[in-house]
Amino acid sequence: MSAIRHPALWVAVVLTALTASRLAMGQPIGLITEIAIYTLYGAGVNLLVGYTGLVPFGASVFFGTATYAAAILMLRAPANELVAIPFAVAFAAVLAVAIGLIILRRRGLYFSLLTLAFSQIAFEMAFKWTDMTGGENGLQGVPRPLFASYPAFHAFVLVSVVAGMWLLWRIAHSPFGRTLQALRDNEPRVRSLGYDTFRLKLSAFVLMAAVLGYAGALLGFMLQGAYADNLSWQHAGDALLMTVLGGVHQFLGPLWGAIAFVLLQDRLSAITESWWLLFAPIILIFALASPEGIQGMVQRILRRSRWTLVRDGIPPRPGRIEPYVGEHAHLDPAKPILTVKGISKRFGSLVTANDISFDVHPCRLHSLIGPNGAGKTTMFNMLTGMLRADAGEIRFEGREISRLPPHLRARLGIGRSFQILSVFPNLTTFENVRVAVQATSRRQNGLLRDAHGLDQVNARTWSLLDAVGLADRAAESCANLAHGEKRLLEIAVSLATNAKLLLLDEPLAGLAEADRVVVARLIRSLAETHAVLLIEHDIDRVLALSDRITVLHQGRLIADGKPAEVGTNPDVIAAYLGKSKDEAVETYRVQAARSAAATTKPLLEVKNLSGGYGGSVVLEGLSLTVNEGEAVALLGRNGVGKTTTLRAIMGTVRASGGSIVLSGRDLTGAKPYEINRAGISLVPEGRRLFPNLTVVENLRLAARPGGASLDEIYELFPKLKILQRSKAESLSGGERQMVAIARALMVPAKLILLDEPFEGLAPTIVQEVTQALVKLRGRVAMVIVEHHAETVLPIVDRAYVLVNGTVAYEGSAAALEADTALQHRLLGVVQAELDAA
């Protein structure tokens with residue numbers, strides 16, 4: 001970053017300009033000194049809020065007690081400002097260690113309220129410990145020997161604040177600061193990479209306290225006294241308020257917030273003692289009009305909305321990216337790397353693991369399969385320490401690890417991916433992988449070195465991105481990636497830790513066929529040098545790739561052996577496979593033909609639709625029509641715009657051009673809730689249920705007059721009647737998908753948009769969901785986004801295939817199903833690659 005764009009320089013310029021303006025008007029500069037101190041105060045708090053994701057309501061406990069620490073030292077010992085300020089910083093840091101060890105085990109509202117409680121405790125002590133703190137009169141007459149003249153002290157404050165902001169900017173770009181931002185987005189994922197998240201949070205907490213201690217000491221010298229007011233609950237949230245007012249996700253937000261807060265307080269208090277009655281509406285207006293604060297409002301006016309917590313951009317792409325080569329684990333294939341013996345786990349009356357034992361050997365691909373709800377992901381969670389087993393033992397390289405926390409297991413060499421996407425949505429694609437690679441570096445906790453200056457980390461990051469086909473998307477925000485691209489990104493993140501044992505939880509879910517071929521080949525090559533334990537529902541690919549297969553059903557191990565043995569095991573066929581694929585497809589085709597009731601009357605008309613994310617164009621001139629009662633498939637490779645099309649129709653992605661018309665009503669630019677009330681429901685990727693609500697509560701929350709009744713839902717999905725009192729978080733992936741579809745039917749919908757309804761489902765569950773969709777044919781129109789053309793084409797009337805945001809094929813589903821050459825060309829399926837895989 002050039003010096004002229006450095007935020008610390010802008011802090012210096014703004015504070016100097018404010019000082020000059022006050023002097024030019026013949027007014028005292030004390031107000032600007034206060035603004036400078038509160039800027040540092042707010043920036044310290046934002047280290048926790050904006051970067052770490054923790055919200056302290058009572059950060060004033062460090063600001064206020066540091067003021068007392070500096071004042072007491074100056075009044076009771078021969079000292080000066082350069083001794084008292086470091087003493088106050090050290091006092092605040094030690095206090096933060098003591099408080100942090102107590103409260104950082106909690107998150108969210110509990111953490112926030114505990115900080116406020118400690119601030120109030122400090123206030124009571126300061127107010128009543130008269131001998132030490134002066135009680136309600138405070139401590140007065142604190143000397144300022146080195147800066148007796150106020151202009152000299154003011155200059156010292158400005159220089160100190162600018163230096164402090166420079167240091168915070170430096171820390172934000174360090175390996176430590178970059179990891180904090182990942183922690184803010186997804187703490188479980190950071191822990192799974194081998195980071196000690198409690199230590200990270202404690203370090204950030206202590207660092208915040210040290211900054212606040214410095215600011216508090218400066219305030220004490222400015223006032224030449226120490227008073228309890230800053231510790232009271234009325235002022236405990238001042239710094240947080242300033243940060244929010246300026247912009248939590250903007251590095252300079254605390255500066256703008258401090259200016260607005262201090263100046264408004266000064267002006268309004270001159271009008272009335274009850275100045276908060278005037279100030280509160282201003283805060284409310286900003287909160288409603290601009291959630292990103294003052295800087296966010298300016299950005300929106302200039303059409304440059306983005307977070308500025310760190311500089312924009314990523315390290316330059318090398319001229320030649322080195323091919324990814326997995327670290328050879330140097331393990332003995334004859335000895336098991338993982339031994340599971342007698343593992344059991346239950347949640348109340350639900351048994352998810354019952355006396356399960358198996359071994360995983362190096363240099364083999366060992367698959368763990370079973371129907372949805374069999375206990376596969378629960379097993380992964382026990383192996384990685386996210387869940388504690390009720391009984392049994394887990395040995396890794398001969399060492400008992402059942403009681404080790406997740407980050408220590410990761411450091412031993414256990415890496416994993418997650419069934420539900422687990423990435424860092426507010427970081428770039430590059431930064432997602434770089435943070436994972438950094439976990440293996442000795443400099444992972446560096447405070448001052450620029451993380452993007454670690455050349456070896458950068459080089460390996462580029463290699464991993466290239467290996468999964470995301471090198472060209474490295475600078476893109478993760479939130480803007482397509483679902484399949486996020487799945488590829490998670491695989492790269494999992495590979496980054498140099499694990500000896502890789503636990504891959506449905507890594508092929510949500511990928512187009514061509515990408516599945518690439519990733520399957522990558523997994524097979526990893527199994528040559530690593531131990532790989534794979535959960536996957538693509539049974540054909542599992543049988544082709546695996547060296548050994550373990551099958552779970554209802555928490556029990558029902559088969560364990562070579563693929564040929566497992567594939568013919570009657571118990572496995574009955575529990576997992578259900579009907580043969582060809583038999584199921586033919587059944588659906590017959591049922592679909594019998595129940596088809598589509599008309600030629602247009603229901604939804606999308607014309608010349610354009611749109612995208614953050615200025616990028618994803619859809620360009622897209623047009624499609626859905627008739628009443630018709631089922632339409634929307635196909636295409638990852639990243640071509642399928643999910644974006646559904647989001648644009650639902651209004652969650654703003655269209656930059658074109659029109660969306662439903663039953664003659666123009667919905668272009670309408671809000672999502674208006675579109676839903678007009679008759680369009682969405683079944684989103686990832687299901688997105690309310691985890692703490694039961695099945696029936698999730699359904700009733702969406703219910704409106706004219707929608708399906710609970711009896712109709714239970715007729716469509718009989719299993720949901722049995723599970724109606726179960727919380728959504730305890731359901732399997734297939735059961736969650738049933739609830740998501742049922743929820744969409746609880747509103748009077750004319751059209752249902754289904755985004756990847758079969759993702760991550762076992763074959764028997766795919767059959768259940770498909771049969772339900774067939775029953776809906778004619779009752780409601782459907783648009784189904786799906787990667788597997790062979791699954792969806794038999795049950796729909798027509799199909800659209802997207803390529804680069806435009807329609808490349810429109811026509812009969814039967815015609816596309818029969819034309820395999822056209823499928824290969826449009827969907828990227830190369831038969832030679834499939835055969836090779």
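The figures follow:
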quantity	calculated
Considering residues of the stretch 259-273 that are in a helix (DSSP H, G or I) and without any contact (Cβ under 8 Å) to a residue 12 or more places away in the chain only, the residue most open to solvent (accessible area, probe 1.4 Å)	ARG267
Residue count for the stretch 110-148, restricted to those that are hydroxyl-bearing (Ser, Thr, Tyr), more than 40 Å from the chain's Cα centre (by Cα) and open to solvent by 60 Å² or more (accessible area, probe 1.4 Å)	1
Helices (runs of 4 or more DSSP H) enclosed by the stretch 699-799 - at least 1 residues per element that are crowded, with 23+ Cβ neighbours inside 10 Å and modelled with pLDDT under 90	733-745, 763-776, 789-792
Residues of the stretch 382-420 classified as under 27 Å from GLN456 (Cα atoms) and of a type outside the set (Val, Ile, Thr), total	12
Residues (buried (at least 24 other Cβ atoms within 10 Å of the Cβ) and either more than 14 Å from TYR68 (Cβ to Cβ) or of a type in the set (Ser, Thr, Tyr) (or both)) located in the stretch 219-239	ALA236, ALA239
Top-ranked residue of the stretch 605-651 - restricted to ones that are modelled with pLDDT under 85 and of a type in the set (S, T, N, Q), ranked as surrounded by the most Cβ atoms within 10 Å (Cβ to Cβ)	ASN638
Single residue of PRO56, PRO86, PRO78 found to be open to solvent by 10 Å² or more (accessible area, probe 1.4 Å), closer than 30 Å to PHE156 by Cα and in a loop (DSSP other than H, G, I, E, B)	PRO78
Some residue of the stretch 171-187 being surrounded by fewer than 23 Cβ atoms within 10 Å (Cβ to Cβ), within 26 Å of SER60 (Cβ to Cβ), in contact (Cβ under 8 Å) with a residue 40 or more places away in the chain and over 40 Å from the mean Cα position of the chain (by Cα)	no
Test set (1) closer than 25 Å to ALA574 by Cβ; (2) open to solvent by less than 40 Å² (accessible area, probe 1.4 Å); (3) in contact with a strand residue (DSSP E or B) (Cβ under 6 Å, 6 or more places away or on another chain) - PRO371 fails condition number	(3)
In the stretch 50-88, the residues that are within 20 Å of THR133 (Cα to Cα), touching a Leu at 6+ places or on another chain (Cβ under 6 Å) and not small (Gly, Ala, Ser)	PHE62, PHE63, THR67, ASN80, GLU81, PHE87
Counted residues, the stretch 98-109 - those being surrounded by 14 or more Cβ atoms within 10 Å (Cβ to Cβ) and part of a helix (DSSP H, G or I)	3
Test: ARG548 is basic (Lys, Arg) and under 22 Å from GLY342 (Cβ atoms)	yes
Search result, residues across the stretch 472-487 that are touching a residue at least 24 places away in the same chain (Cβ under 8 Å), open to solvent by 10 Å² or more (accessible area, probe 1.4 Å) and in a helix (DSSP H, G or I)	ARG473, ALA479, ASN480, HIS483, GLU485, LYS486
Scope the stretch 287-305; condition open to solvent by less than 90 Å² (accessible area, probe 1.4 Å) and part of a loop (DSSP other than H, G, I, E, B); matching residues	SER290, GLU292, SER305
Among (1) at pLDDT 90 or above; (2) surrounded by 21 or more Cβ atoms within 10 Å (Cβ to Cβ), the one test that SER663 misses	(2)
Hits in the stretch 666-681 (condition: open to solvent by 60 Å² or more (accessible area, probe 1.4 Å) and either within 27 Å of the chain's Cα centre (by Cα) or closer than 27 Å to GLN419 by Cβ (or both))	LYS671, TYR673
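The values are calculated or read from the model by the stated rules, or taken from the named source; none is laboratory data. Small disclaimer: the values here were computed from a predicted structure and weren't measured. Note that we place each Cβ from the backbone using ideal geometry, even for glycine, and neighbour counts take in every protein chain shown. Protein only, heavy atoms only, side chains kept; ligands, DNA and RNA dropped before computing areas. Shrake-Rupley method; radii C 1.70, N 1.55, O 1.52, S 1.80 Å.
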